[in-house]
Amino acid sequence: MRKRIYEIIEKAEDGDKISKIYDAFMMISIILSIIPLCFVNQNNVFNIIDRITVIIFIIDYIFRLITADYSSSKTGITPFILYPLRPMAIIDILSILPSVTNLNYAFRVFRVFRLFKTLRIFKFFRYSKNIQIIMNVLLKKKDALATVGMLALSYIFITALIVFQIEPETFGYFFRAIYWATVSLTTVGYGDIYPTSDIGRIISMISSFLGIAVVALPSGIIISGYQDEIENN
């Protein structure tokens, strides 16, 4: 029985209809659980949706906990002890807690528990094949993406440092320069903070042009990796 439960919740085979139905059911439940988060005022309908979906999530968590040994290379009781420490298991718990504890009221000022509910969107990673393909691409290309990320961070820091030295009175403090460099790198340019001198504007133009190249790099890496993953599958 436990093995069959594991096969259903973990996509045993492509031809397993029950597994596909389970995945579709869970994805619908996730979508329904997120709908109340899109509204400031909560009513009884939203409360009922939240209670039903959280019960579904709890049952799903129990199923995964009692079958943890099938998805682990370890034996004995160890897989069951370590399962709650898995990243997706932590997301499951954090997304369930706001609906099953009264601490939601204690943290209302900080909206911490309401924020945890938004983690339910990450549960899609478990049930969507396309998202799993993208995650595989990110894992395989993590070294190249990390290099590009370091390049982007270095570029932001250097550009912010340069423009802050040119116009310290415009930006006031260094974080504002970091903010400006970031939005310039992504070519968004909100216009709330901007250089006013000619030299500062030249730096801004250069930053925008180079930003296009830096932003394009990870896109190319992900697209090529995605194509390779599709061909392999």
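The values are calculated or read from the model by the stated rules, or taken from the named source; none is laboratory data. Please read these numbers as outputs of a predicted model, since none were measured by experiment. Methodologically, a virtual Cβ is constructed for each residue, glycine included, from the backbone with ideal geometry; neighbour enumeration extends over all protein chains shown. Keep in mind that these areas ignore ligands, DNA and RNA; they rest on the heavy atoms of the full protein, side chains included. Shrake-Rupley method; radii C 1.70, N 1.55, O 1.52, S 1.80 Å.
Among what's in the range 88-97 and is more than 14 Å from F63 (Cβ to Cβ) and at pLDDT 85 or above, pick the residue that is surrounded by the fewest Cβ atoms within 10 Å (Cβ to Cβ).
So the residue we want is I90.
Scan the range 78-103 and report the pairs whose first residue is over 23 Å from P36 (Cα atoms) and whose second residue is at pLDDT below 90 and polar (S, T, N, Q), with Cβ atoms within less than 6 Å and a gap of 6+ or a chain change.
P79/S72
Taking only the range 175-233 into account, find how many residues are open to solvent by less than 90 Å² (accessible area, probe 1.4 Å), touching a residue at least 12 places away in the same chain (Cβ under 8 Å) and of a type in the set (A, V, I, L, M, F, W, C).
Adding up the residues that qualify gives 14.
For the range 48-80, how many residues are closer than 15 Å to I96 by Cα and surrounded by fewer than 14 Cβ atoms within 10 Å (Cβ to Cβ)?
5
Any chance you could count how many residues in the range 139-153 are open to solvent by 40 Å² or more (accessible area, probe 1.4 Å) and closer than 16 Å to W180 by Cβ?
Total satisfying the criteria: 1.
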